[in-house]
1. If I ask for residues that are of a type in the set (D, E, K, R) and either open to solvent by less than 10 Å² (accessible area, probe 1.4 Å) or within 22 Å of Gln352 (Cα to Cα) (or both), which ones from region 309-337 would you list?
2. Read through the list (1) on the phi < 0 side of the Ramachandran plot; (2) at pLDDT below 90, then give the number of the only condition that Val83 fails.
3. For residues that are under 28 Å from the mean Cα position of the chain (by Cα) and not aliphatic (A, V, I, L, M), scanning just region 173-189, find the one that is most open to solvent (accessible area, probe 1.4 Å).
4. Do you know which of the residues in region 139-151 that are open to solvent by less than 40 Å² (accessible area, probe 1.4 Å) and at pLDDT 95 or above is farthest from Phe56 (Cα to Cα)?
5. Can you pull out every residue in region 1-15 that is in contact (Cβ under 8 Å) with a residue 12 or more places away in the chain and either part of a loop (DSSP other than H, G, I, E, B) or under 15 Å from Met60 (Cα atoms) (or both)?
6. Kindly provide the set of residues from region 278-308 that are polar (S, T, N, Q) and open to solvent by less than 20 Å² (accessible area, probe 1.4 Å), ordered by number.
7. Could you tell me whether any residue of region 337-356 is in contact (Cβ under 8 Å) with a residue 12 or more places away in the chain, over 21 Å from Leu227 (Cβ atoms), in a loop (DSSP other than H, G, I, E, B) and under 22 Å from the mean Cα position of the chain (by Cα)?
8. Go through region 65-81 and give me each residue that's open to solvent by 10 Å² or more (accessible area, probe 1.4 Å) and part of a strand (DSSP E or B).
Amino acid sequence: MTTFAELGLSDALIATLSGLGYDEPTPIQAQAIPLLLAGRDVIAQAQTGTGKTAAFALPMIERVTDDLAVQALVLAPTRELAVQVAEAIHRYGRHRALRVLPIYGGQPIERQLRGLAQGVQIVVGTPGRVLDHLRRGSLRFDQLRMVVLDEADEMLDMGFAEELEAILQLVPAERQTALFSATLPPAVQNLTLRYTRQPVRVSIVAEQLAAPRIRQLYYEVLARDKLDALCRVLDAEMPQLAIVFCRTRQEADDIGERLQGRGYAAESLHGDLSQAVRDRVMRRFREGQLDVLVATDVAARGLDIAEVSHVINYDVPTDPESYVHRIGRTGRAGRDGVAITFITPRERRMLQTIERVTRTRIERRAMPTLADVAARRRAALRDQLREAMATPGLDSYTALVDELAATHDLRTLAAAAIKLLLNEAETEQVDTITRLDPAPAERAPRAKRGETAQRSRRGEAEMARIQINLGRNDQVRPADIVGAIANEAGVPGRSIGAIEVRARASFVEVPRRAARHVLQALNRTSLRGQRIRATLADETPVAA
Ligand code: AMP
C-alpha cells in the first residue's frame, strides 16, 4: 500500500486531497505520479474511472510556478472532457489559486481571448480550438513545460491527428510529455515515438480495469420489445441517474423523445446537437433535473458524474472496449453502480466475447414483471412514508387527521391519502414484453397487437386533453410541457398522460380532476419565452 506522501506530493496538496476524500492513490496514480514529478515522459494505458486525471493533474499542479504564463497544456478529445479536466485541476489545486482555462470549439472565441489575455498557467483544450488560438497568437507556448494528451486514442479516432501534429510541432522541444490512452493502437504508438523522449510505459493490468463496484447484468429481449423493456427496467430499478447507450444519433433522439412522451425526465446527447443544447442538457443532468440521459458513445465519452447509478446498454456495444468505457460511467467516486445490457437472441456471441475479453461474468436476469415493478414501488413508498413520519413538520396536518378521524376509520383515511399522493388510477395493465427469461413458468400471456400502444398507467377514462398554442416550431419538447405542468400546477410528471407536440400546437393529457387547475396554471406561464394559451381540447384520447 502506497500513500500520497510516499509518491512525493507536497503536504499542502495532500491536505487538499484528503479534504476531497482521496485517502490513497489509485494504481495508475501510484505508478505515474513519481515519474511525472521526476520530469520523465510517460505513456500510460489507463481509462476513465481509474483516477487518470489526478495521475497527471497532481504532478502538474506541483510543477507549475506562480508565473502567469501558460506552463502546462492538456489536450482532450471533447469539450465535455476538457471542461471536466479543467474543473478537476482547479479542485485539486485550490490551495494554490491556479489559473486554469478550458478552451474548446463552440464557445465564443472572445470569451477565451479575454481569459487568455488575463494570463493563465494551465490550458485544457480540444485540438482544433487550441490550434486556432496558436495561429491567432492569442496562445503562446514559450513558457510551456508540460504537455498531456488525454484520451489520445479517442482524439485520433475523432480525426484530430493533423491538429495534434501541428500543435506538437509548435511546443518547445524542452518539455515533458505524458500520453494517457485507454488503448495503444499503432497510430497512438506512432505519436509517442515521435513526440516523447525515453518515455516510461505504465499500465494497469486487466484485473484492475473491470471496476469491482459495478454490478453487471444482462437481459435477453426481442428488438421490438426494447423500448418497453427499457421503461420496465427504469421503473423497476428507479435509477438516481441513468445513461442509456445506443448506437446512432437518430436512435438517441428517438428514444429520448419517446421516453419524454411516457413521462420520464429524459434527454438525448449526441454530436449533432448545437453546443448550446449540449450545455443545457449536461447542466440539467448534472443538477439532477434529468433522470435519464440517452447518449451515443462519443457524446458520453469521459463523462464523470458521481451520481450516475445506472448504465443501460440499449444496444450491445460493438466491441469489448466500448463496453468497458460505457459501464465506467457508473460506479464512480467510490459509489456502487449497475450496468445493464440488452441482448437480442442474435447478439449472444457478442456478449460472450465481452465476457472473455474483459474477464468478467455478466449475470443473466429475468425481465422484471409488472408485479415486480409494483412491489418495488410499494417498497419505495413504504420507505418514503417511514422517513416522512420520522421528520418533523407534520403538525399542520395532524389537525386535519384528527378532524377526519372523528368520523372515519384511520386505515381508510391513510389509504385514501396514499392514493391521492400517487395520483394513480388503478388500471389493469397488460404485459406486452415477450419473456425470453430463464424462468419460462412465469411466462405472461402475450397481448394482442394494438393493445401495446396505449398502456396508460393513468387510466384513460379519467384523463382530459389540453391544447397548448405552442409546438415544435416554438422549440417546445415534451419534457418542457411535463416540466411546466409539474412545476406550475404541481401535478407529478408520472400522472401526466400522452403528449403530442405538433408543429404549431401541442396536446397533453392530464387527470380530469386536475384539468381546470392545470389550465389556470399554464395560462399564467410561459414556455421558451412565449406565453402559453391553454384550452380544453376535444375528449378523444391522443393517438400514440
Ligand atoms: P478519472 O479516471 O480521472 O475519470 O477518475 C475517476 C474518479 O475517481 C473521479 O470521480 C475521481 O474524482 C476519483 N478519484 C481519482 N483519484 C482518486 C483517489 N485517489 N481516491 C478516491 N477517488 C479518486
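1. Asp315, Asp319, Glu321, Arg326, Arg329
2. Exception for Val83: condition (2).
3. Top of the filtered list is Pro185.
4. Here the residue is Leu139.
5. Within region 1-15, Met1, Thr2, Thr3, Phe4, Leu7, Gly8, Leu9, Ser10, Ala12, Leu13 qualify.
6. Scanning region 278-308 gives a single hit, Thr296.
7. no
8. Those that are open to solvent by 10 Å² or more (accessible area, probe 1.4 Å) and part of a strand (DSSP E or B): none in region 65-81.
The values are calculated or read from the model by the stated rules, or taken from the named source; none is laboratory data. Bear in mind the structure is a predicted one, so any value in this text is a computation, not a measurement. Don't worry about glycine lacking a Cβ; one is built from the backbone with ideal geometry, like all the others, and counts go over all protein chains shown. Side chains included, ligands, DNA and RNA excluded: accessible areas come from the protein's heavy atoms. Shrake-Rupley method; radii C 1.70, N 1.55, O 1.52, S 1.80 Å.
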